[in-house]
Amino acid sequence: MTDFVDQFPGPRITLNGKPFLYFGGTAYLGLQHDPDFHELYIQNIRRYGTHYGASRKSNLRMKIFDTAEQMLSKKIGADSALTLSSGYLVGQLLATYFHTPGFSPFYAPGCHAALFQTEQAPFTSYQDLALALKEHLSRNTDSIPVIFFDTLESKEAYFPDFEALKKLPLERCILVADDSHGFGILGERGMGAYARLSEFAPKALLVCFSLGKAIGIPAGAVIGSKNLVEALKRTVFFGAASPASPAGLATLTQAWELLLNKRKNLIANVEHFLSGISNKNPFWFTPGIPAFSYQDPGLTAFLKEQSIIVTHFHYPNEEAEPTSRIVITAAHEIHEIDKLTQSINAYFAL
């Protein structure tokens, strides 16, 4: 069943006049409810406007784009960065760029739809992917393999160990990683998977991510080698695509310490949630990520009876299996998390 709200769905929502707790969506750092973050964003909207629709290649350009991209690359430890208006759009930029002569795309299990250009299916296992790469490299030296993968969605290769990647010939491959659910949360100071993936020494590394998942800013970014990032900036796609909101990027550059403090709150909330659950076996989760997936429609229905709404819908289309997920954010209060864990424990005690 689909429910509708008329304001941003924070930790507390109202449906048909009845109050509910909401443990779904993204907005992991809870910034959409932080008054200091709001004030920064409002000030930047007054300065930069609500939207900037001109091309990044225009003869009149806003400095904030370069400023934000330089800050991102410096903090993450990458050579270069670019931004666009969404994580999906940067994924499509990468997919378009690497579906050209000279490159051969290979999709790892769990790859997000944003990285696909065609109906090409991902490999069902990393073992099959390794065999396909070996065969390709043995007969084709002119086309560079490009491995697309998600840093969290496969049980075979997720942050921080990425065990399955160790068996791939990465020194001969370009690695494109989607870190949308990790950036802002995982890694040192929340900088995501880039530093860890660099240790695998692929032929080239690009990491893309949404700035909306954790931080709540409508933008996407790509970081990596300067040569590749600059090549992406020269494409028709980049020149024609909508830039990120300059007000959002300006807020990102000014709110870094606030983000780090919210991350501490989030870590504490996740630890409290985990300590309150009697049985963790029904849930699949990556340590450090505040999303807890499960396959039990009965739990979703029971929680709703307890006035708790969680994520439960078919994703990315109606033909897909339902996605059921509990999401903890930095904006949740301890007593709200307690009600959630008590309800979960009560369900599994039935």
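The values are calculated or read from the model by the stated rules, or taken from the named source; none is laboratory data. Fair warning: this is a prediction, and the values are worked out from it, not measured in the lab. FYI the Cβ positions are ideal-geometry reconstructions off the backbone, even for glycines, and counts take in every protein chain you see.
Below, the figures for the structure above:
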quantity	calculated
The lone exception for PHE183 - which of (1) in contact (Cβ under 8 Å) with a residue 40 or more places away in the chain; (2) outside any helix (DSSP H, G or I); (3) within 21 Å of LYS262 (Cα to Cα) it fails	(1)
Subset of the stretch 18-46 [more than 17 Å from SER210 (Cα to Cα) and aromatic (Phe, Trp, Tyr)]	PHE20, TYR22, PHE23, PHE37, TYR41
Filtered residues of the stretch 62-87 (kept if over 16 Å from GLY248 (Cα atoms) and either at pLDDT below 95 or part of a loop (DSSP other than H, G, I, E, B) (or both))	GLY77, ALA78, ASP79
Exclusive hit being buried (at least 16 other Cβ atoms within 10 Å of the Cβ) and at positive phi, set GLY248, GLY288	GLY288
Tally, over the stretch 104-139, of residues that are farther than 26 Å from PHE159 by Cα and not in a loop (DSSP other than H, G, I, E, B)	5
Test: GLY91 is touching a residue at least 24 places away in the same chain (Cβ under 8 Å), in contact with an Asp or Glu (Cβ under 9 Å, 6 or more places away or on another chain) and either surrounded by fewer than 14 Cβ atoms within 10 Å (Cβ to Cβ) or not assigned by TED's automatic domain parsing to the domain that holds LEU175 (or both)	no
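Here's the yes/no breakdown for (1) within 23 Å of the chain's Cα centre (by Cα); (2) on the phi > 0 side of the Ramachandran plot; (3) free of Cβ contacts under 8 Å to residues at least 60 places away in the same chain:
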residue	(1), (2), (3)
TYR52	no, no, no
ARG61	no, no, yes
LEU72	yes, no, no
SER86	yes, no, no
THR100	no, no, yes
